[in-house]
Each structure stands twice: as structure tokens, then as C-alpha cells.
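In what follows, a structure is listed as C-alpha cells, so that the remarks can point back to it.
The values are calculated or read from the model by the stated rules, or taken from the named source; none is laboratory data. This is a predicted model, so every value here is computed, not measured. Quick reminder, even Gly has a Cβ in these numbers, built from the backbone with ideal geometry, and neighbours come from all protein chains shown. Only protein heavy atoms, including side chains, enter the accessible area calculation; ligands, DNA and RNA are left aside. Shrake-Rupley method; radii C 1.70, N 1.55, O 1.52, S 1.80 Å.
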Amino acid sequence: MTARIGVVTFPGSLDDQDAQRAIRLAGAEPVALWHKDKDLKQVDAVVLPGGFSYGDYLRAGAISRFSPVMESVIEQAKAGLPVLGICNGFQILTEAHLIPGAMLGNDHLHFICRDQKLRVENAETAWSSDYRAGQEIHIPLKNMDGRYVADEYTLDKLEAEGRVVFRYVDFNPNGSLRDIAGITNEAGNVVGLMPHPEHAVEPLVGTGRTDGLPFFTSILKKLVGA
């Protein structure tokens, strides 16, 4: 018996198939979820993948946040369902207020695509427990609206509560405040980040490393109690 992890496809999603493959490589069963369906098919966790849902019209993630599937994701995330938002998924999580803050355009106003060094700050969330705190990893990054912002009170609260999960190292690619690359909610079941771990799960593609695979083995071990 293994865990069933849903991956939502929105209009404009690009990385849903890659996320499903990463889940499969980790040993879990990927389940395709459609943005118009409220039914989450009894999955054990959900991934909101990267892309440009609804063309990023209005604001990245602002329209998809109101998709029928998000009604169920929001309700169940508040009840403890593990949810990972990658890039556009991170933007959707902030728009849905499942995690605090907002995403703005990169401070240099250009799309950026690079291998990015990160430091794991919190290895106790549902999606980061297969790392160790302080570990440095390389994960591909590709975005136009990746600048994480929040007011000083919120930033101080995130730092004090250990809710900054990943931080950019050596180079801040988008002007994110305090070099924040990913954060979690208070319960630790919802995590959002801009880099793409699903593109770093096999040595022959992406960074040539498998630094992203522990995202998916972390949640699998949590769900099956391994």
C-alpha cells in the first residue's frame, strides 16, 4: 500500500506531468485532478504545480485560486491535508491565504531560469523532513513573478516560528525579502516555494542531481509512516 498524491491541472499548467513523474519515482501513486472538479478523489496529499494558470491574467494565481478544486483544497488543507505549491502553485497558495504574504514581479523585471542554490531552514514540515536543517541543495528556478513580499510583522513572525523553509544562497534571483524561497503555514502541512523540485529528481535531466526528490519521499514517509 502506498500514498495517493493528487496533482491539479489548471488551464496553463506546465509542470503537472513532471510533478506526477516525481511522485511516481518517489514510490507514491500520482492522481490527476482537474481544476473544475471539487472531488479530490480521496487523495492523501495535493501538489499545485508550476505554470501560468489562466495566463497569469489579473495577477499570478489570482484567478485559479477561485477554481472549484480550490474550494476543496482550501477546506481540506485547513483540516490538515498536506499541500505543496510549486512556483505558480506557491502563488495560488498566497492568493488563497493558505500561507501569508504575496508574490510580485521579479525586481529586475525579467524572466529568469537557472539552477539555484537553496538552504534548508526547516526540515520538520510534511514536505521537507527527508532533508536536514542547514543542508544546501540545487533546484531549478524559472519564473517571472517570484518576488516574495510581506510586511515586517509577518516576516518577523515567520522567522521566529521557523516557518521559512527554504532560503536562497549566494544569489537572490528575484528580490524576495530576506532571501525567502519557500515558507510553510503554522501547522507545517502546507508548503510553497518558487524553485521546482520536480525538475531535479533524475540525474540525466535538469540539474543532473536529485536534490528535489526528498520533497516527494518526505511526504511519502509521512503518509505511510515509514
| query | Based on Cβ point charges of +1 for Lys and Arg and -1 for Asp and Glu, what charge dipole magnitude is obtained for the chain about its Cα centre, in debye rounded to the nearest 20? | reply | 320
| Ratio of the Cα radius of gyration of the stretch 32-144 to 2.2 N^0.38 Å, where N counts its residues | 1.13
| query | Can you tell which of Gln91, Ser176, Val73 lies farthest toward the positive end of the dipole of the stretch 4-225, using +1 and -1 charges on the Cβ of basic and acidic side chains (Lys, Arg; Asp, Glu)? | reply | Val73
| field | Antiparallel DSSP beta bridges within the stretch 1-73, percent to nearest 5 | value | 10
| Expected 222 nm ellipticity per residue - DSSP helices of 4 or more, -39500 (n - 2.57), all of the chain, to 500 | -6500 deg cm²/dmol
| message | Going through the cross-link list Lys41/Lys142; Lys36/Lys221; Lys157/Lys222; Lys78/Lys117; Lys78/Lys222, which pairs have a Cα-Cα distance over 21 Å in this structure? | response | Lys41/Lys142; Lys36/Lys221; Lys157/Lys222; Lys78/Lys117
| query | Within the chain, what's the longest stretch lacking chymotrypsin sites (Phe, Trp or Tyr not before Pro) that sit in DSSP loops with no more than 14 other Cβ atoms inside 10 Å? | reply | 112-170
| field | Reference-scaled alpha-carbon Rg (2.2 N^0.38 Å with N residues) for the stretch 4-225 | value | 0.90
| said: Just to verify a number: FRET efficiency for Leu104 and Gln42, C-beta to C-beta distance, R0 = 30 Å, to 0.05? | reply: 0.25
| field | Most to least accessible of Thr94, Thr217 (protein chains only, probe 1.4 Å) | value | Thr217, Thr94
| Accessible area expressed per residue, the stretch 4-225, with surrounding protein chains retained (probe 1.4 Å, Å²) | 41
| query | Extension gain Val149-Leu58, at 0.36 nm per residue separation less the Cα-Cα distance, in nm? | reply | 31.0 nm
| field | Portion, in percent, of the accessible area of the stretch 80-226 that falls on carbon or sulfur, probe 1.4 Å | value | 51
